[in-house]
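The values are calculated or read from the model by the stated rules, or taken from the named source; none is laboratory data. These numbers were taken from a predicted model, which means no experiment stands behind them. Cβ sites come from the backbone with ideal geometry, for glycine too, and all protein chains shown count toward neighbours. The protein model used for the area step is the full one, side chains on, heavy atoms only, and it has no ligands, DNA or RNA in it. Shrake-Rupley method; radii C 1.70, N 1.55, O 1.52, S 1.80 Å.
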Amino acid sequence: MLLPLPPTLTQQFHLIADLFRKQPWPLTLSNSLVHQELLFNPKLYGYRLKNKNKPDRSDLRLLLWKTLLGASHLFEIRVKGFLFEAAMEGDKIEALFAGVEYDIKDLMMTEAIGQRAMQEMKSHLVDKFEALAAKQPKKPFLIYDDMVYTYEAVDDMACRVANIARSWGLKAGDCVAIMIQNEPSFVYTFLGLQKLGISVALINYNLTSRSLVHSVSAVDSKALIVGSGKDLLDAVTDVLPELRKVPVFVQGVSQENLPAGITSIDDLIKDSFPIAFSPSVRSGITLMDTCCFIFTSGTTGDPKPVLISHLKIVTVACMSAGLINHSKDDVIYLVLPLYHSTAMFFALGSTLLE
């Protein structure tokens, strides 16, 4: 004999099943990890109840998800049978599934994020920035200290960086390393390189000596752009011989104040023009190609580069935007370093989604 489900729970389960069917991508996590957990874990299907240990909500949720991903008869046999055993222990069914409404809310949010991600995957992050710069040029994009930088101003500087990089002979598919602290120059340097389809290695600005040389060399960087600040200049000056043929460009210092072997990019920017590039220059770059490299912390050895594709940064940015749920009038206060994945995805990435 199977225990009948209360009407409210039945409606909720049917809603969850319907939401699962609407998911825009395969639920690989549920189909693999959750499936194995339910298939081989003896804790479930009443094991805890028989041992006088009540199942926690995660057990019940896994059980529910598995039955919804499987055949309908599993729902009848396993879920109702599980609830029947629970009832025999004197528990109320509604109490066992307390919080199911939050699962429904999560699934609804996931569905909305997924649908948006499918739309956003049609273009790269730099495409989205250029579209916003054209649509709302005077709108503030960055706030740094007491300065406000509009989309137009950042695009102007990004175009200058792109023209300079082009003069170095760089092209789509090449890689440039940047070691810049959280300041506007990080953003416009990153976007300027992306305009040409150049992947960017995001170097931890705390690195020195061997770790710095390894990080720059590990991704075959064609150049290293260093941000302003004496600490950064000293760090790169100390390893200049080890960098060998990698040209080094520094921000925030004029050429006459730099040692031999280092070039002031500020001087180059002054002599450049903000001429925009057609997106066709990066037409050969697909969403599966490398957008940037983010490095591990290096606590167990040298920092290791992790390849971040254009697809991944756009997808995770969509997820971040969905979780933050910010509006066009909100401001994201960023305290994490931009070389960190969370800062790139949650802050810069989600901000560039319209």
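Descriptive notes on the structure:
- Given (1) out of contact with any Lys or Arg (no Cβ under 8 Å at 6 or more places or on another chain); (2) crowded, with 19+ Cβ neighbours inside 10 Å, number of the condition CYS318 does not satisfy: (1)
- Considering each residue of the stretch 202-212 in turn, none proves to be open to solvent by less than 10 Å² (accessible area, probe 1.4 Å) and either over 27 Å from the mean Cα position of the chain (by Cα) or more than 20 Å from SER341 (Cβ to Cβ) (or both).
- Summed over the stretch 300-350, the residues that are in contact (Cβ under 8 Å) with a residue 60 or more places away in the chain and of a type in the set (Ser, Thr, Tyr) give a count of 2.
- Flag if GLY99 is surrounded by 17 or more Cβ atoms within 10 Å (Cβ to Cβ), modelled with pLDDT under 95 and not β-branched (Val, Ile, Thr): no
- Meets criteria (assigned to a loop (DSSP other than H, G, I, E, B) and open to solvent by 50 Å² or more (accessible area, probe 1.4 Å)) for VAL335: yes
- Summed over the stretch 302-314, the residues that are open to solvent by less than 30 Å² (accessible area, probe 1.4 Å), closer than 21 Å to MET288 by Cα and out of contact with any Gly (no Cβ under 8 Å at 6 or more places or on another chain) give a count of 3.
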